[in-house]
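Before any comments, here is the structure.
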Amino acid sequence: MRKLIFTFLLLLGVGFSGTYAQCNHEALLKDALTQMGDGQYIKDFIVDLKNEKGGGPSGTVKYSVILNSRSQYKFNVVNGAGNSEKVHMQLFDGDKLLVSNKAQGKMYSAFGFVCRSTKVYSLVFSFPEGSEGCARAVLSLQRQFAAGEGGF
Amino acid sequence: MIRNLIFALLILTGAGFLSSCAGNSEKENAEQEDELALPDSLTGEAPLKLSEEIIGDVIQNISSPVEMANLIKSTGVDFSQQILNNPENISNYSTSFKRALNLGVFSADLGYINSYDKSNIVVSYLLAVKNLSDGIRVGQFFDFESLKRMATNSSNLDSLMQMSVSSFNQMDAYLRQQNRSNVSALVITGAWVEGLYIASNVIEKTNDEELINRLGEQKEIVDILYIILRNYEQNSSFKLLIDHLSDLKALYKQVKITKEVGEPKTIEEDGMLIIVQAEVSHVEISSETLGTIIEKIKEIRADVIE
């Protein structure tokens, strides 16, 4: 009898730990907006990456963003509570990596980008080692530069 | 005891399966209902040339009313309600095509109004947005009562701006998920045209260099919008809009954008990494070209809001 209860509880525990926990994206968005700071909200991005069937890596998710010149943007990201790893957030210009939230072995929860060329950029999210996880990122406008300011 | 345990386990497992199945079924029913209820002028005809995924990838953030509105306000020009679309015009928009376009127009107007903190008129524009969004069956994204409450509370205007923009973003994502990217494209086009129209008005008053540069930089965006809208050229409602964009594209050929490439700079500020982009774009636009582009923008906008 005790063995049966123990087995049942064990199975339940294994079941939960192996299951990808549903992410509370509303709560994540609220946190991300708080951490956005004083900038003007432009857009938010949902990251929800699951392992492929058979345990394959979780892959990446990419968003296109138009960024305007003479503008400083902030990209900040909040990780889901159940993540085993922190999300990797990268900004690309085509194939060229411009900035990443992982630098010199340190993970940042945000990065800023002073844009000097209006075009479509790519924002890419992934998890280390292809692990699963969820996150929410926010893009905000921090400032716009007038002529003569900030090297413009 | 053992039997009770096994019975409880079976119930829990069964309940889990039933709820997920019911969720999927509800989602399927909602999708079917949405597809069947597709509005008049926006029903699908010929297959798309570009996949929904590509369109979605490209138009995700074509035009942010926040940025243009901020730039306009930074010129120091006074707010002018006269240049905005009149909320009373919504009675003229009887087709889904017009409703979607002008939903975009009013979103840009709202961005402009919010950036100037004009809470006294924001409610009428929110009502227009609500009305038009209901008309194309995306009204669920606009919590009018909450937005109205924020609008009447001057200490909540930042939240109003954030919630308005967020509502539009969610609506846009929903439309693309529902394979209604044609509607999304129209909303975005309407917002983009209105943003440029407001900017053009301010340029004519101030000759502000930053705004002129921003207008010139829209050269790439015009190309993108043109490609996207052409995707729906089988739908006769889109024809005039596509022709307008084609004319505007031709005028933008006179705008020269050169890029200067260098090395990026990295700084750390308040624990955050900031990259200063090395590539710098320079816009060259003659006053004559500027004039013709502004006239064309006005012409397009007049057709959009009539």
Subset of the range A:33-45 (residues that are more than 8 Å from every other protein chain (Cβ to nearest Cβ) and touching a Phe, Trp or Tyr at 6+ places or on another chain (Cβ under 9 Å))
A:Gly39, A:Phe45
Quick check: anything in the range B:83-100 under 20 Å from B:Leu211 (Cβ atoms) and surrounded by fewer than 18 Cβ atoms within 10 Å (Cβ to Cβ)?
yes
Sort through B:Ser64, B:Ser94, B:Ser41 and tell me the only one that's hydroxyl-bearing (Ser, Thr, Tyr) and modelled with pLDDT of 85 or more.
B:Ser94
Name the single residue, out of those in the range A:103-119 being in contact with a helix residue (DSSP H, G or I) (Cβ under 9 Å, 6 or more places away or on another chain) and of a type outside the set (A, V, I, L, M, F, W, C), that is nearest to the other protein chains (Cβ to nearest Cβ).
A:Thr118
Just the residues that are part of a strand (DSSP E or B), surrounded by fewer than 19 Cβ atoms within 10 Å (Cβ to Cβ) and at the interface with chain A (Cβ under 7 Å from one of its Cβ atoms), please, taken from the range B:277-288.
B:Val280
Within the range A:121-152, can you find the residues that are over 19 Å from B:Thr266 (Cβ atoms) and over 19 Å from the mean Cα position of the chain (by Cα)?
A:Gln144, A:Ala146, A:Ala147, A:Gly148, A:Glu149
Index of the failed condition, B:Ser200 passing every other in (1) touching a residue at least 40 places away in the same chain (Cβ under 8 Å); (2) within 14 Å of chain A (Cβ to nearest Cβ); (3) surrounded by fewer than 24 Cβ atoms within 10 Å (Cβ to Cβ); (4) small (Gly, Ala, Ser):
(2)
In the set A:Ser71, A:Ser100, which member is touching a helix residue (DSSP H, G or I) at 6+ places or on another chain (Cβ under 8 Å), at pLDDT 90 or above and within 9 Å of chain B (Cβ to nearest Cβ)?
A:Ser71
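The values are calculated or read from the model by the stated rules, or taken from the named source; none is laboratory data. Just so you know, these numbers come straight off a predicted model, no measurement behind them. Reconstructed Cβ throughout: ideal geometry from the backbone, glycine too, with neighbour counts over all protein chains shown.
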